[in-house]
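J.: Quick one: this structure, given as structure tokens, is what I'll be asking you about.
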């Protein structure tokens, strides 16, 4: 009599006759019950099946879903080989390039190599290393590459002289920087690396600014080496223009908040906090009003995140207002406020308004197609509105729409709005973990600040600082995709919520309460008996 007993946990489906490995697996119960030789044959077939269906390690696929190294780019059954010395060297060089991007972007063109800014050459080395060591494209990187192709095609189709080609190369280097940084960041630990990179970049940029404050002397490249630079007191560090220096400070302040939250070492955390606080007086000395205005978003974020800071801010504000009233300085303060408003309509404000009006006229004159890269400064001289000698756009949106047309401008604007909306909606609708909440808040704060500081500097698309900031936001977005958040919470467990007064801040608890009340009001009440039908 045949023994039909089966070990516990195995399927009792009848064995089928097939010669494929999957058929052997379906007939596993019969083979295991027959003999030990059949069991050995099953193990061989299973190994053969696994080897046939094992994914290629060089295939392009999504990351951050499963797997130990790329959080899901490789399947769990792929066993990684120990890295070779060359691979370890490339990984070390990748980290060096990653850290140096904010530093050299702040350094700008203070020193050139073969006529090129060092950050451009670093980008080329960075891209080569990424192509050697990374074989996986995430959705974020794929989107960046699609935008790169679209941007380059439009830039080559539209008319562009020597100035336009230079601007198009700057854009290409910037987009390649974004792609390289997102491909490099293959595990959550790179968040700590990008924060330390910005910390180093801010320290390198702040030291010359402090020397400007102490001596009153600017670097030789200040305002392009203009002869009248001695009349200007605003500090600019390496960055030629005080507004660009302020842009760099604001972008770095957002990363400093992430840095002091995820950092383990207390000394480095103090460096993050000290650098963040030092940025405020430097912004005042840089004289960038729009950059100062954008810090209100950062302060509001901190008050939402840290309840104790909100209470302290309210107490200090009330104390300061009371002191001003009691001391009789209220009239002086109101006069200063009125003077600040008057300065908005000064020559600088009126010239910018004229340039904005000219930008609208040029966009309409091109019928939304765009004038071509780098054509703004030449075309504005023929525009009807008086600009008082100002020929730079002073507006990232105007530079984009006037130069490249409605199509590309609308696509990029839609991407920015989509990122902002997705981040805000996930913060509102879901209950993310502490690490995910921190990154979501960082992305939302960045997307709210970028439209403001995009109006600060005279030019936008040509500056490496802009592209390194965009690349940093893209790196944060890498770890917000589905499947990536589990590794994020595991990496920063116990750090992202350690400084919060509670797991949910006051506003988050109130929002959940409001949603609960609304849901309860919309839910039909089944506790009361219905009308009698007797």
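J.: Suppose the filter is without any contact (Cβ under 8 Å) to a residue 12 or more places away in the chain, surrounded by 15 or more Cβ atoms within 10 Å (Cβ to Cβ) and in a helix (DSSP H, G or I); does residue 303 pass it?
T.: yes
J.: List the number of the failed condition for residue 374; all other conditions in (1) surrounded by 14 or more Cβ atoms within 10 Å (Cβ to Cβ); (2) part of a helix (DSSP H, G or I); (3) at pLDDT below 90 hold.
T.: (2)
J.: Next question. For region 116-126, what are the residues that are surrounded by fewer than 17 Cβ atoms within 10 Å (Cβ to Cβ) and assigned to a helix (DSSP H, G or I)?
T.: Within region 116-126, 121, 124, 125 qualify.
J.: Do any helices (runs of 4 or more DSSP H) lying entirely in region 136-246 carry at least 2 residues that are touching a strand residue (DSSP E or B) at 6+ places or on another chain (Cβ under 9 Å), and which ones are they? If you could, list the steps in order and put the result at the bottom.
T.: Working: elements: 139-157, 162-184, 189-215.
No helices (runs of 4 or more DSSP H) qualify here.
J.: Does any residue of region 417-439 turn out to be at pLDDT 90 or above and farther than 23 Å from residue 191 by Cα?
T.: Yes.
J.: Show the residue pairs meeting these rules: Cβ distance below 6 Å; 6+ apart or different chains; first residue within region 464-489 and on the phi < 0 side of the Ramachandran plot and free of Cβ contacts under 8 Å to residues at least 60 places away in the same chain; second residue surrounded by 21 or more Cβ atoms within 10 Å (Cβ to Cβ) and outside any helix (DSSP H, G or I).
T.: So the pair list comes out empty.
J.: How about region 320-335: which of its residues are assigned to a helix (DSSP H, G or I) and surrounded by fewer than 10 Cβ atoms within 10 Å (Cβ to Cβ)?
T.: 326, 327, 331
J.: Being assigned to a helix (DSSP H, G or I), touching a helix residue (DSSP H, G or I) at 6+ places or on another chain (Cβ under 9 Å) and touching a residue at least 60 places away in the same chain (Cβ under 8 Å) narrows it down to one of 411, 419, so name that one.
T.: 411
J.: Moving on. Looking at residue 251 and the list (1) within 30 Å of residue 189 (Cα to Cα); (2) crowded, with 20+ Cβ neighbours inside 10 Å; (3) out of contact with any helix residue (DSSP H, G or I) (no Cβ under 6 Å at 6 or more places or on another chain), which single condition is not satisfied?
T.: For residue 251, the failing item is (3).
J.: Which residue out of 383, 379 is at pLDDT below 90, over 24 Å from residue 152 (Cα atoms) and touching a helix residue (DSSP H, G or I) at 6+ places or on another chain (Cβ under 6 Å)?
T.: The unique qualifying residue is 383.
J.: Here's another thing I want to ask about it. All but one of (1) modelled with pLDDT of 90 or more; (2) within 21 Å of the chain's Cα centre (by Cα); (3) surrounded by fewer than 22 Cβ atoms within 10 Å (Cβ to Cβ) hold for residue 276, so report the exception by its number.
T.: Here residue 276 meets the rest and fails (3).
The values are calculated or read from the model by the stated rules, or taken from the named source; none is laboratory data. Note that the structure is predicted; figures quoted are calculated from it, not measured. Neighbour counts are summed over all protein chains in view; Cβ atoms, including those assigned to glycine, are modelled from backbone coordinates with ideal geometry.
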